[in-house]
Amino acid sequence: MTLLGVNIDHVATIRNARGGHEPEPIHAALVAEASGADSIVCHLREDRRHITDRDVKLLGEVLNTALQLEMALHEDVITVALELKPREVMIVPEKREELTTEGGFDAAKELDRLKVVVGKFRTAGIGVSVFIDADMQQVDAAHKAGADTVEIHTGPYSHAKTAAEYDEELDRIETAAHRAWELGLDVHAGHGLNYHNIERLLRQIPVEKVNIGHAIVSRAVFTGLENAVRDMKALITAIS
Ligand code: PXP
(Lines give C-alpha, C1' and ligand atoms only; values in the text may rest on other atoms or scores of the structure.)
Protein backbone atom coordinates (compact mmCIF):
# COMPACT_ATOMS: atom_id res chain seq x y z
CA MET A 1 0.00 0.00 0.00
CA THR A 2 1.28 3.47 -0.83
CA LEU A 3 1.72 5.76 2.18
CA LEU A 4 0.99 9.48 2.22
CA GLY A 5 3.45 12.03 3.59
CA VAL A 6 1.92 15.49 4.02
CA ASN A 7 4.24 18.44 3.55
CA ILE A 8 3.26 21.37 5.81
CA ASP A 9 5.74 24.01 4.56
CA HIS A 10 2.97 26.10 3.01
CA VAL A 11 1.15 26.41 6.32
CA ALA A 12 4.35 27.90 7.76
CA THR A 13 4.56 30.28 4.79
CA ILE A 14 1.09 31.65 5.60
CA ARG A 15 1.99 31.88 9.30
CA ASN A 16 5.20 33.77 8.53
CA ALA A 17 3.37 36.28 6.33
CA ARG A 18 2.05 37.87 9.54
CA GLY A 19 4.46 36.65 12.21
CA GLY A 20 2.89 35.09 15.32
CA HIS A 21 1.52 31.56 15.40
CA GLU A 22 -1.50 31.56 13.03
CA PRO A 23 -1.93 29.17 11.29
CA GLU A 24 0.17 26.93 13.52
CA PRO A 25 2.07 24.32 11.44
CA ILE A 26 2.10 21.96 14.42
CA HIS A 27 -1.71 22.07 14.52
CA ALA A 28 -1.73 21.38 10.75
CA ALA A 29 0.54 18.38 11.29
CA LEU A 30 -1.74 16.95 13.98
CA VAL A 31 -4.85 17.46 11.83
CA ALA A 32 -3.07 15.80 8.90
CA GLU A 33 -2.13 12.84 11.11
CA ALA A 34 -5.67 12.56 12.46
CA SER A 35 -6.95 12.58 8.86
CA GLY A 36 -4.77 9.71 7.69
CA ALA A 37 -1.34 11.12 6.87
CA ASP A 38 1.28 8.44 7.42
CA SER A 39 4.06 10.94 7.98
CA ILE A 40 4.68 14.66 8.14
CA VAL A 41 7.25 16.25 5.89
CA CYS A 42 8.81 19.68 6.30
CA HIS A 43 11.81 21.41 4.79
CA LEU A 44 14.18 23.21 7.16
CA ARG A 45 15.83 25.59 4.70
CA GLU A 46 19.13 27.27 5.29
CA ASP A 47 17.34 30.66 5.22
CA ARG A 48 14.46 29.34 7.44
CA ARG A 49 11.98 31.01 5.08
CA HIS A 50 9.05 28.87 6.24
CA ILE A 51 9.73 26.05 8.71
CA THR A 52 11.83 27.12 11.71
CA ASP A 53 14.03 25.33 14.23
CA ARG A 54 11.23 25.72 16.77
CA ASP A 55 8.78 23.98 14.41
CA VAL A 56 10.97 20.93 13.85
CA LYS A 57 11.72 20.65 17.57
CA LEU A 58 7.99 20.69 18.43
CA LEU A 59 7.13 18.29 15.60
CA GLY A 60 9.78 15.92 16.93
CA GLU A 61 8.02 16.01 20.31
CA VAL A 62 4.36 15.78 19.34
CA LEU A 63 4.02 13.63 16.22
CA ASN A 64 2.47 10.21 16.58
CA THR A 65 3.51 9.07 13.12
CA ALA A 66 6.90 9.94 11.64
CA LEU A 67 8.74 13.14 10.82
CA GLN A 68 10.59 13.27 7.53
CA LEU A 69 12.92 16.25 7.56
CA GLU A 70 13.75 17.62 4.14
CA MET A 71 17.13 19.34 4.07
CA ALA A 72 20.11 20.37 2.00
CA LEU A 73 23.68 19.49 2.95
CA HIS A 74 24.19 22.62 5.09
CA GLU A 75 26.28 22.09 8.20
CA ASP A 76 23.91 23.86 10.62
CA VAL A 77 20.88 21.94 9.34
CA ILE A 78 22.81 18.65 9.54
CA THR A 79 23.57 19.49 13.18
CA VAL A 80 19.88 20.20 13.91
CA ALA A 81 18.86 16.91 12.24
CA LEU A 82 21.42 14.84 14.14
CA GLU A 83 20.17 16.28 17.43
CA LEU A 84 16.49 15.95 16.51
CA LYS A 85 16.74 12.39 15.17
CA PRO A 86 13.67 12.40 12.88
CA ARG A 87 12.58 9.02 11.47
CA GLU A 88 14.09 10.03 8.15
CA VAL A 89 15.89 12.88 6.45
CA MET A 90 15.44 13.65 2.78
CA ILE A 91 18.44 15.22 1.06
CA VAL A 92 17.48 17.87 -1.50
CA PRO A 93 19.42 20.53 -3.40
CA GLU A 94 18.70 24.08 -2.32
CA LYS A 95 19.12 27.44 -4.00
CA ARG A 96 18.36 30.65 -2.13
CA GLU A 97 16.54 32.29 -5.04
CA GLU A 98 14.26 29.33 -5.93
CA LEU A 99 10.53 29.35 -5.12
CA THR A 100 10.57 25.64 -4.35
CA THR A 101 12.96 22.73 -4.85
CA GLU A 102 13.65 22.85 -8.57
CA GLY A 103 15.42 19.64 -9.44
CA GLY A 104 16.79 16.46 -7.96
CA PHE A 105 19.94 16.31 -5.86
CA ASP A 106 22.93 15.46 -8.07
CA ALA A 107 23.98 12.37 -6.11
CA ALA A 108 26.40 11.28 -8.84
CA LYS A 109 28.32 14.56 -8.77
CA GLU A 110 28.20 14.93 -4.97
CA LEU A 111 28.79 11.27 -4.18
CA ASP A 112 31.76 11.69 -1.81
CA ARG A 113 30.15 14.44 0.25
CA LEU A 114 26.81 12.60 0.27
CA LYS A 115 28.42 9.36 1.45
CA VAL A 116 29.94 11.09 4.50
CA VAL A 117 26.66 12.73 5.53
CA VAL A 118 24.56 9.61 4.89
CA GLY A 119 27.03 7.66 7.04
CA LYS A 120 26.52 10.10 9.94
CA PHE A 121 22.73 9.79 9.71
CA ARG A 122 22.70 6.02 9.37
CA THR A 123 25.06 5.69 12.36
CA ALA A 124 22.61 7.85 14.34
CA GLY A 125 19.78 5.48 13.37
CA ILE A 126 18.13 7.97 11.01
CA GLY A 127 16.82 6.76 7.64
CA VAL A 128 18.03 8.62 4.56
CA SER A 129 16.13 9.37 1.39
CA VAL A 130 17.71 11.23 -1.52
CA PHE A 131 15.48 13.32 -3.78
CA ILE A 132 16.66 12.62 -7.33
CA ASP A 133 15.60 13.06 -10.92
CA ALA A 134 14.21 9.94 -12.61
CA ASP A 135 17.63 8.78 -13.78
CA MET A 136 19.35 5.40 -13.30
CA GLN A 137 22.76 6.98 -12.71
CA GLN A 138 21.29 9.01 -9.84
CA VAL A 139 19.62 5.91 -8.37
CA ASP A 140 22.94 4.06 -8.47
CA ALA A 141 24.74 6.98 -6.83
CA ALA A 142 22.16 7.29 -4.02
CA HIS A 143 22.56 3.56 -3.39
CA LYS A 144 26.38 3.81 -3.39
CA ALA A 145 26.14 6.67 -0.90
CA GLY A 146 24.30 4.33 1.50
CA ALA A 147 20.79 5.81 1.29
CA ASP A 148 17.90 3.44 1.95
CA THR A 149 15.30 5.37 -0.05
CA VAL A 150 15.11 7.51 -3.16
CA GLU A 151 12.36 10.03 -3.75
CA ILE A 152 11.82 10.41 -7.46
CA HIS A 153 11.14 13.95 -8.64
CA THR A 154 7.68 14.02 -10.21
CA GLY A 155 7.83 17.72 -11.18
CA PRO A 156 8.35 17.00 -14.90
CA TYR A 157 5.47 14.47 -14.79
CA SER A 158 3.23 17.07 -13.16
CA HIS A 159 4.00 19.51 -15.99
CA ALA A 160 3.06 17.01 -18.74
CA LYS A 161 0.32 18.30 -21.03
CA THR A 162 -0.26 15.62 -23.63
CA ALA A 163 -0.82 11.88 -23.34
CA ALA A 164 2.55 11.30 -24.99
CA GLU A 165 4.31 13.54 -22.45
CA TYR A 166 2.56 11.76 -19.56
CA ASP A 167 3.64 8.38 -20.92
CA GLU A 168 7.21 9.51 -21.48
CA GLU A 169 7.56 10.87 -17.94
CA LEU A 170 5.86 7.84 -16.38
CA ASP A 171 8.21 5.53 -18.27
CA ARG A 172 11.23 7.47 -17.00
CA ILE A 173 9.95 7.28 -13.42
CA GLU A 174 9.14 3.59 -13.79
CA THR A 175 12.59 2.72 -15.13
CA ALA A 176 14.28 4.58 -12.27
CA ALA A 177 11.93 3.01 -9.71
CA HIS A 178 12.61 -0.52 -10.97
CA ARG A 179 16.35 0.10 -10.76
CA ALA A 180 15.92 1.30 -7.16
CA TRP A 181 13.81 -1.73 -6.23
CA GLU A 182 16.44 -4.04 -7.80
CA LEU A 183 18.99 -2.44 -5.49
CA GLY A 184 16.76 -2.94 -2.45
CA LEU A 185 15.85 0.73 -2.02
CA ASP A 186 12.42 2.05 -1.08
CA VAL A 187 10.91 4.37 -3.66
CA HIS A 188 9.02 7.54 -2.80
CA ALA A 189 7.68 10.12 -5.26
CA GLY A 190 6.95 13.79 -4.87
CA HIS A 191 6.63 17.27 -6.25
CA GLY A 192 3.64 18.64 -8.11
CA LEU A 193 1.43 15.64 -7.34
CA ASN A 194 -2.24 16.57 -7.11
CA TYR A 195 -5.82 15.28 -7.19
CA HIS A 196 -5.68 14.90 -10.99
CA ASN A 197 -2.34 13.22 -11.60
CA ILE A 198 -1.93 10.90 -8.59
CA GLU A 199 -4.04 8.03 -9.91
CA ARG A 200 -2.23 7.62 -13.21
CA LEU A 201 1.13 7.61 -11.41
CA LEU A 202 0.18 5.03 -8.78
CA ARG A 203 -1.58 2.72 -11.23
CA GLN A 204 1.63 2.40 -13.23
CA ILE A 205 4.21 2.75 -10.44
CA PRO A 206 3.00 1.68 -6.97
CA VAL A 207 5.70 3.46 -4.98
CA GLU A 208 6.01 3.00 -1.21
CA LYS A 209 5.14 6.62 -0.41
CA VAL A 210 4.09 9.89 -2.02
CA ASN A 211 4.86 13.25 -0.44
CA ILE A 212 2.34 15.99 -1.19
CA GLY A 213 2.11 19.56 0.05
CA HIS A 214 0.89 22.31 -2.26
CA ALA A 215 -2.16 20.51 -3.67
CA ILE A 216 -3.42 19.54 -0.21
CA VAL A 217 -2.96 23.00 1.33
CA SER A 218 -4.54 24.57 -1.78
CA ARG A 219 -7.58 22.33 -1.53
CA ALA A 220 -7.84 23.02 2.20
CA VAL A 221 -8.38 26.72 1.44
CA PHE A 222 -11.55 25.90 -0.46
CA THR A 223 -12.84 23.02 1.61
CA GLY A 224 -12.39 25.21 4.70
CA LEU A 225 -13.36 28.66 3.38
CA GLU A 226 -17.10 28.17 3.59
CA ASN A 227 -17.03 27.28 7.29
CA ALA A 228 -14.51 30.01 8.07
CA VAL A 229 -16.74 32.70 6.55
CA ARG A 230 -19.89 31.24 8.12
CA ASP A 231 -18.25 31.23 11.58
CA MET A 232 -17.19 34.88 11.30
CA LYS A 233 -20.59 35.94 9.91
CA ALA A 234 -22.32 34.14 12.80
CA LEU A 235 -20.15 35.94 15.35
CA ILE A 236 -20.85 39.33 13.79
CA THR A 237 -24.57 38.61 13.45
CA ALA A 238 -24.78 37.54 17.09
CA ILE A 239 -23.48 40.89 18.36
CA SER A 240 -25.15 43.28 15.94
N1 PXP B 1 9.15 16.31 -2.27
C2 PXP B 1 10.14 17.25 -2.24
C3 PXP B 1 11.54 16.81 -2.26
C4 PXP B 1 9.83 18.62 -2.18
O5 PXP B 1 10.81 19.53 -2.15
C6 PXP B 1 8.48 19.00 -2.13
C7 PXP B 1 8.12 20.46 -2.04
O8 PXP B 1 8.51 20.97 -0.82
C9 PXP B 1 7.50 18.01 -2.16
C10 PXP B 1 7.86 16.67 -2.26
C11 PXP B 1 6.04 18.35 -2.15
O12 PXP B 1 5.78 19.01 -3.35
P13 PXP B 1 4.37 19.71 -3.58
O14 PXP B 1 4.31 20.83 -2.58
O15 PXP B 1 4.44 20.18 -4.99
O16 PXP B 1 3.32 18.68 -3.33
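Here are some notes:
- When THR79, THR100 are screened for being open to solvent by 60 Å² or more (accessible area, probe 1.4 Å), assigned to a loop (DSSP other than H, G, I, E, B) and over 21 Å from ALA180 (Cβ atoms), only THR100 passes.
- Summed over the stretch 103-144, residues that are over 20 Å from the mean Cα position of the chain (by Cα) and assigned to a helix (DSSP H, G or I) total 13.
- Verdict on THR100 being under 18 Å from VAL210 (Cα atoms) and within 16 Å of the ligand (Cβ to nearest atom): yes
- Qualifying positions in the stretch 145-171 - under 20 Å from LYS109 (Cα atoms) and in a helix (DSSP H, G or I): ALA145
- Taken as a whole, the condition of being open to solvent by 50 Å² or more (accessible area, probe 1.4 Å), more than 16 Å from the ligand (Cβ to nearest atom) and within 30 Å of ALA142 (Cα to Cα) does not apply to ARG230.
- Residues of the stretch 173-222 satisfying the condition of being under 16 Å from the mean Cα position of the chain (by Cα) and either part of a helix (DSSP H, G or I) or over 22 Å from THR100 (Cβ atoms) (or both): ASP186, ILE198, GLU208, HIS214, ALA215, ILE216, VAL217, SER218
- Selection from the stretch 188-216 of residues that are near the ligand (Cβ under 8 Å from one of its atoms) and either among the small types (Gly, Ala, Ser) or open to solvent by 30 Å² or more (accessible area, probe 1.4 Å) (or both): GLY190, HIS191, GLY192, ASN194, GLY213, HIS214, ALA215, ILE216
- Residues located in the stretch 158-210, provided they are of a type in the set (S, T, N, Q) and closer than 23 Å to HIS10 by Cβ: SER158, ASN194, ASN197
- Only a single criterion out of (1) in contact (Cβ under 8 Å) with a residue 60 or more places away in the chain; (2) at positive phi is not satisfied by GLY125, namely (1).
- Within the stretch 82-97, restricting attention to residues that are farther than 26 Å from VAL62 by Cβ and not acidic (Asp, Glu), the residue that is surrounded by the fewest Cβ atoms within 10 Å (Cβ to Cβ) is ARG96.
- Residue that is farthest from the ligand (Cβ to nearest atom), among those in the stretch 103-125 that are surrounded by fewer than 19 Cβ atoms within 10 Å (Cβ to Cβ) and of a type in the set (Val, Ile, Thr): THR123
The values are calculated or read from the model by the stated rules, or taken from the named source; none is laboratory data. Remember, it's a predicted structure, so these values are computed and weren't measured experimentally. Glycine gets a Cβ as well: all are built from the backbone with ideal geometry, and neighbour counts include every protein chain shown. Heads up: the accessible areas ignore ligands, DNA and RNA and are worked out on the full protein's heavy atoms, side chains in. Shrake-Rupley method; radii C 1.70, N 1.55, O 1.52, S 1.80 Å.
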